[in-house]
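Structure first, commentary second.
The values are calculated or read from the model by the stated rules, or taken from the named source; none is laboratory data. Computed from a prediction, not measured in an experiment: that's the story for all the values here. Backbone-built Cβ (ideal geometry, glycine too); neighbour counts: all protein chains shown.
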Amino acid sequence: MAWHRISGYGLRRTRRDLPDLACNATRGGINQRFLNSIFRYNQRFLVKRGVVMQEILVLYYSRNGATRALAQVIAHGIESVPGAAARVRTVPGVVTETTVAAPAVPDEGAPYVSHDDLHECVGLALGSPTRFGNMAAAMKYFWDGTSGEWMKGTLAGKPAAVFTSTASLHGGQETTLLSMMLPLLHHGMVLVGIPYTEAALTATRTGGTPYGASHFAGQEAQPVISEDERQLAFVLGKRLASVALKLCA
């Protein structure tokens, strides 16, 4: 498991990796400039003390922004745990016929994931919208190409969590979460869910399951996360980071 030492030069994490929590991820409307100032302050604080940070990969695919919004809240939960940092990544879409190659770097949002991210991070939060009760093809395509990591046991023993969003309330949230767990189990990862000790899990009238965080986007594909969904996604990120740090100790 990789240890990442923060120094004054060559920081792996950039402002581009910082979760964009301002874009309607929560009802609170957190200001991005405020978050950036906190990030810069914490960065200087850690650099001065040579603190070793453990990075957790938040990997998602999103078409309309809802799954991305969940990823941002989960990343915020991860970074609420001292010693943990979120590395936010996405996957490119897939099409049946290619006329123009996709750019190597997306025009906006998180960078594309690489296999190095799997090696370097000590935990994983995996998210995808539902496609007929399953994870999206773009995400499955990425995992179908990880046989090398499977052979090496790269992810064995590392903790993982899953999250999703759907357009209908009973449109396959739980089966999508379970489908994402399958490759993670084959990789030997330790799955982390949400316990019923979290009051929002029984109070929610939208998304949120014990298997992982979820969001009910509706037919209009609204990326605005409800308060219960936000709370459960934050808790999932926090629990994942706490477990990861304990396994690294």
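Numbers at a glance
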| quantity | calculated |
| --- | --- |
| Helices (runs of 4 or more DSSP H) contained entirely in segment 106-203, each with at least 1 residues that are crowded, with 18+ Cβ neighbours inside 10 Å and under 15 Å from the mean Cα position of the chain (by Cα) | 115-120, 137-144, 173-186 |
| Subset of segment 223-244 that is assigned to a helix (DSSP H, G or I), out of contact with any strand residue (DSSP E or B) (no Cβ under 6 Å at 6 or more places or on another chain) and in contact (Cβ under 8 Å) with a residue 60 or more places away in the chain - its residue that is surrounded by the most Cβ atoms within 10 Å (Cβ to Cβ) | Gly237 |
| Matching residues in segment 207-226 - criterion: being touching a Gly at 6+ places or on another chain (Cβ under 9 Å) and modelled with pLDDT of 90 or more | Thr209, Pro210, Tyr211, Gly212, Ala213, Ser214, His215, Phe216, Ile225, Ser226 |
| Whichever residue in segment 204-217 is over 18 Å from the mean Cα position of the chain (by Cα) and touching a residue at least 24 places away in the same chain (Cβ under 8 Å) and, among such residues, is surrounded by the fewest Cβ atoms within 10 Å (Cβ to Cβ) | Thr206 |
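Quick grid of which residues meet (1) in contact with a helix residue (DSSP H, G or I) (Cβ under 9 Å, 6 or more places away or on another chain); (2) modelled with pLDDT of 95 or more; (3) more than 16 Å from His215 (Cα to Cα):
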position: Ile74; (1), (2), (3): yes, yes, no
position: Val81; (1), (2), (3): yes, yes, yes
position: Ala84; (1), (2), (3): yes, yes, yes
position: Arg87; (1), (2), (3): yes, yes, yes
position: Ala110; (1), (2), (3): yes, no, yes
position: His115; (1), (2), (3): yes, yes, yes
position: Gly123; (1), (2), (3): yes, yes, yes
position: Lys140; (1), (2), (3): yes, yes, yes
position: Leu169; (1), (2), (3): no, no, no
